[in-house]
Each structure stands twice: as structure tokens, then as C-alpha cells.
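S.K.: Below are the C-alpha cells for one structure; questions will follow.
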Amino acid sequence: MSESSPHIAILGAGPTGLEAALAAAEGEFSFTLYEASAEGVGGNVRSWGHVRLFTPWDLNVSPRARRMLSAARVGVPRGAACPRGAQLVEQLLEPIAQLPALSGSIHLGERVKAIGRAGLLKQEEIGSEVRGQQPFRLLVVDAEGEERIDLADIVLDCTGSYEHPNWLGDGGIPAPGEVDVEERIVRRLPDFVAEEEDWAGKSVLLVGAGQSARTAARDLAALAEQHLGTTIVWALRDEEPPWDASAEDPLPERAALTRSAARLVEGHPAVEIKTGVVVERLIRRNTSVKVILRPRFGGPEEAVRVDRVLALTGAAGDHQLYRQLQVHECFATGAPMKLAAALLGSAGGDCLDQTSHGADTLKNPEPGFFILGAKSYGSNSTFLMRVGWEQVDEVFKLLAEE
């Protein structure tokens, strides 16, 4: 690391990345914020802009952002209303990006493809101070496809967990035929209002049980009530739906979604529920897809024929990004090991109960490299934006002490 103030590379201009940029500006650090989307900050959020958050404005604006926006005489959203993703971008993320403190430091349409250490490979200088004395090398690709190398002393990976959708096949690997029919598989939560013509009157296989899948099931069922011929086969891995509609939930939007999913399981004329099943194979037909399902732990197969497949089986962050760095990841969740161990050892529970687990859990064997935000939780789904803000505070406290 250089003797002067270190230069910080922040990857991803979502809620956590923008918070890190504000902290860097506040601490008078030199920094560059890279955002892969050329459209603007919050590229991942824009992709689900039609979806309403479960959390209200009062839980979506950090104290630092509120303070700095207010000081710039910019209106700050507040209250109990839950915004949609597009509103979060328009009313919060974009105003943050336009603050003078961040001017010139945000690089839109630039994706960091790989990170290494100058002069070193992954297996060299293990546990040595020499690694921390060499700058990071970032392979950056701009919107025109041009590549270059940027250098940084500190890297904050805030790229989130949306980069790589999970496969449909049993065991988390591609099902036979899945790659062949990729153009007929949708791996994001659609806007069924804006994309009505693509879904109305179609037969759909929906795979997944998380919040996105429940939202899709609810919205597809509503579409079926307006358009005859719209049918949904909802495939769930568990024998019983992995949610409890009777449990108390402090977030009304999430509680309402769980209740709507439970009603669909109880019965809906356009929705057929398949529980305890996995996708065994996908077979291309002229204008449709034949999908072979089988019981999760073995048994007779059955075939369904559908027009479209909606795969909402979750996603993972880009772990190849830092394959040449010394990062210790949890074998179960894919999160940095210290934080993963703290999460697995804690009570878990609802996301509203989550707090950061301390600065030490954010450290990696690679000096100066930190994974923050949703990506730091790996496959653990209890991450809350507030945790990302706390992580940013802890990292910048460490940097200030060095």
C-alpha cells in the first residue's frame, strides 16, 4: 500500500457501493466506483424496478446518505411506504450519485472482470506482508468492450448476488437439455403487466420457492384470472412449502405475499402445485418445452409440456472475480469464512434482527480486500441493507486506523 492515502476501488454502485463511496468521500480518500450498467447506478436494482421492497423508506436510507443529501438540500424519502425498485433508484440512488462529493468518481458502463496482485499469483507470499505492499490490478472492460488495467490499494467488492442465476437441475447443476433450451427459460422476475403479451394465454413452469417465485406465482395467477388459457405448474423442492403463512411477520408486504402463496397452494384453478420434485431433463419441442420432473430423492418421473419456463431458483455473486486472490470462503454458503461462521453460529432468524458481526469478520487473508453487502452473506438470505451500511462503517474505521 502506498504511503499516501490509499486509492480505493469500489465495485458495484448499488446501495452498499454508493454508501462506501459516500464514506470514502467523507474520509477524504481517493476512490473510483465502478458500475457495470451504462444506464446508471443501481444496475441490479433497475432489473427488478417493478418489484416492491418489503422494507419502508425509513429502513432504506442510511444515516450517512440522509445527512449528506440533506446538507446538499436534496429531498430525502422517508416514511412507512415501501418503494418499488425503480423508486429506490430514482429517489435515492441517483440523487446520491449526483452529489458533488462523488463527482467524477463514478464510472458507468465499466465492469471489473478480474482482480489480481501486481507481481504475485494466488499461491505466493501466503500470510506475508509483501502481498499488502503490492497494488491490486483490476481488469476493467468499458461499454465499448475496450480493456485496460487500473490499480488500487484497497478493493471493496459490493457487486451483490445477482450475477449468476442458479441452474434448474437437481444438485444445482444444469439439467440435461437446459442449455439447449436456454432461450425459452426466463431467469428473472418478469414485469407481467409490461410483458403481458409474452405470458397471457401461455402454459408456464415456475421453479422456485423464495420471495421472487412467490411473487411470480401470485402475479401469474392474477394474469390467469384475466386471460383464459394461462396455466401455471409450480414446482417446489420441499414436500411442504417452506414458509409459514400463520407466523408473525413484522413486514406487512412480505406477510401479504406469504399469505397469497399459501392460498395458491391450497388451490387455484389455473395453478397446479408439484411438491417434493426436481427438474430431471428439458427437451426442446417445436414451440414448447417438455420438462421431466421426478421426486427429489428418487421415484417415478412425470412430464409436463409448457410454453415457457420461469426459473427463479436464486443466484450467486461472481466468485471468479477474485480467483487469483487469497479469499477464504465457506464451503456451504460461499460467503467469506469468518462472516459465514458468525452467521451460522448466530441465532439467524429474521433479517430485521441482523446486525454486522464486527470488523474482524470482514477481513480476508488477502490484505485490503473486502466483500461487503449482499454478496458477503453468500446463500444466506437474511441480509438487510442496514447491515451493508454497518459493514462500510467498520471497514472505513479500519482504514482510518492504518
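Values quoted throughout were computed directly from the atomic coordinates according to the rules given, and no laboratory measurement underlies them. On a predicted model such as this, the values are computed, not experimentally measured, just so you know. Ideal geometry is used to build each Cβ from the backbone, glycine not excepted, and the neighbour counts take in all protein chains shown.
S.K.: Would you work out the charge dipole size for the chain about its Cα centre, treating the Cβ of every Lys and Arg as +1 and the Cβ of every Asp and Glu as -1, and quote it to the nearest 20 debye?
M.R.: My answer is approximately 640 debye.
S.K.: While we're on this one: Which of rounded, prolate, oblate describes the range 9-102, given a ≥ b ≥ c as roots of the alpha-carbon gyration tensor eigenvalues and a/c under 1.5 marking rounded, otherwise prolate only if a/b is larger than b/c?
M.R.: Verdict is oblate for the range 9-102.
S.K.: Any lysines with Cα under 25 Å of the LYS122 Cα? List them, leaving off those in the same chain fewer than 8 positions away.
M.R.: LYS113, LYS338, LYS363, LYS375
S.K.: To continue, here is another question. Can you tell me how much longer the chain between THR287 and GLU197 gets when fully stretched, taken as 0.36 nm per residue apart minus their C-alpha distance, in nm with one decimal?
M.R.: Residue separation times 0.36 nm, minus the Cα-Cα distance, leaves 30.8 nm.
S.K.: Between GLU183, GLU94, GLU35, where does the largest GNM mean-square fluctuation fall for the chain, given springs only between Cα atoms within less than 10 Å?
M.R.: Per the Cα network of the chain with a 10 Å cutoff, GLU183 tops the list.
S.K.: Specify the inter-centroid distance of the range 98-139 and the range 278-318, based on alpha-carbon positions, in whole Å.
M.R.: Centre-to-centre (Cα) distance: 40 Å.
S.K.: Can you tally the net charge around VAL141? Count Lys and Arg as +1, Asp and Glu as -1, for every other residue whose Cβ sits under 12 Å from the Cβ of VAL141.
M.R.: Cβ neighbours under 12 Å give a net charge of -3.
S.K.: Still on this structure, please answer the following. For the chain, compute Rg over Rh where Rg is the Cα radius of gyration and Rh is the Kirkwood radius from the inverse mean 1/r over Cα pairs.
M.R.: 0.99
S.K.: Taking every DSSP beta bridge with both residues inside the chain, roughly what % is antiparallel (nearest 5)?
M.R.: Details: 30 of 62 bridges.
Of the beta bridges lying entirely in the chain, close to 50 percent run antiparallel.
S.K.: Measure nothing but the geometry: give the 0 to 90° angle between the long axis through the Cα atoms of 385-401 and the longest principal axis through the Cα atoms of the chain, rounded to 10°.
M.R.: 20 degrees
S.K.: Using the Cα centre of the range 166-311 as origin and beta-carbon charges of +1 (Lys, Arg) and -1 (Asp, Glu), tell me which of LEU220, VAL277, SER246 is placed farthest towards the positive end of the dipole.
M.R.: VAL277
S.K.: I've got another one for you. Cut-off is 10 Å between beta-carbons; in what order do HIS268, HIS357 appear when sorted fewest neighbours first?
M.R.: HIS268, HIS357
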